[in-house]
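Asks: First the structure, which I've put down as structure tokens, then a few questions once you've had a look.
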Amino acid sequence: MKPSKEYLQIKRVGNLIRLSLLMIIAPVLYIGLWIFILGDESLTYFEQVQRLMSFFPESFRNPFGITLIFFGMSFISAASGFYAYLNSNSKTQRRFSLALTVATGLITLWFGFTLL
């Protein structure tokens with residue numbers, strides 16, 4: 001028996017939502033780490049950046065490159081969440097994907113302004 005189009009549509013939208021959630025995990029953790037490090041007022045800004053970069057491998061310690069990677073991840077997350085919103089038929093999926101799109105869009109804007 002062949003699966004119905006509705007079932008395949010719901011499954012596709014669910015996979016897009018999962019992709020969106022998976023792609024936003026690392027940028028959210030990075031922002032949380034940065035906020036945690038900013039809480040230490042005894043460090044200068046340069047020392048705070050050095051401490052943040054110490055969590056990454058030696059060959060990967062480029063603040064601009066890391067921000068660019070997380071910007072791309074959050075943009076992909078926002079785009080897949082929006083695509084899920086456009087393709088969903090279920091009211092619950094539409095609401096969740098819209099909320100996810102708004103949240104990831106704000107994170108994408110934050111990384112975008114960081115790159116300026």
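Coordinate-derived values only; no laboratory data. Only a predicted model underlies this, so the values are computations on that prediction, with no experimental measurement involved. Virtual Cβ from ideal backbone geometry, glycine too; neighbours counted across all protein chains shown.
Asks: Which one of Ile25, Ile17 is free of Cβ contacts under 8 Å to residues at least 12 places away in the same chain, among the hydrophobic types (A, V, I, L, M, F, W, C) and closer than 12 Å to Thr104 by Cβ?
Replies: On the way: Ile17 fails: free of Cβ contacts under 8 Å to residues at least 12 places away in the same chain.
One residue alone meets the criteria, Ile25.
Asks: Next question. Can you pull out every residue in the range 60-107 that is free of Cβ contacts under 8 Å to residues at least 40 places away in the same chain and more than 21 Å from Asn15 (Cα to Cα)?
Replies: Phe60, Arg61, Asn62, Pro63, Gly65, Ile66, Ile69, Leu106 - these are the residues of the range 60-107 that are free of Cβ contacts under 8 Å to residues at least 40 places away in the same chain and more than 21 Å from Asn15 (Cα to Cα).
Asks: Quick one: in the range 97-109, of everything that is among the hydrophobic types (A, V, I, L, M, F, W, C) and touching a helix residue (DSSP H, G or I) at 6+ places or on another chain (Cβ under 7 Å), which residue is farthest from Thr67 (Cα to Cα)? Show your work before the answer.
Replies: Our first condition is that a residue be among the hydrophobic types (A, V, I, L, M, F, W, C); within the range 97-109, this holds for 98-100, 102-103, 106-107, 109.
Of the ones still in play, those that are also touching a helix residue (DSSP H, G or I) at 6+ places or on another chain (Cβ under 7 Å) are 98, 100, 107.
Values: Leu98: 25, Leu100: 21, Ile107: 12 Å.
Restricting to residues being among the hydrophobic types (A, V, I, L, M, F, W, C) and touching a helix residue (DSSP H, G or I) at 6+ places or on another chain (Cβ under 7 Å), the top hit is Leu98.
Asks: Within the range 1-11, can one find any residue that is on the phi < 0 side of the Ramachandran plot, of a type in the set (Gly, Ala, Ser) and part of a helix (DSSP H, G or I)?
Replies: No: the range 1-11 contains no residue that is on the phi < 0 side of the Ramachandran plot, of a type in the set (Gly, Ala, Ser) and part of a helix (DSSP H, G or I).
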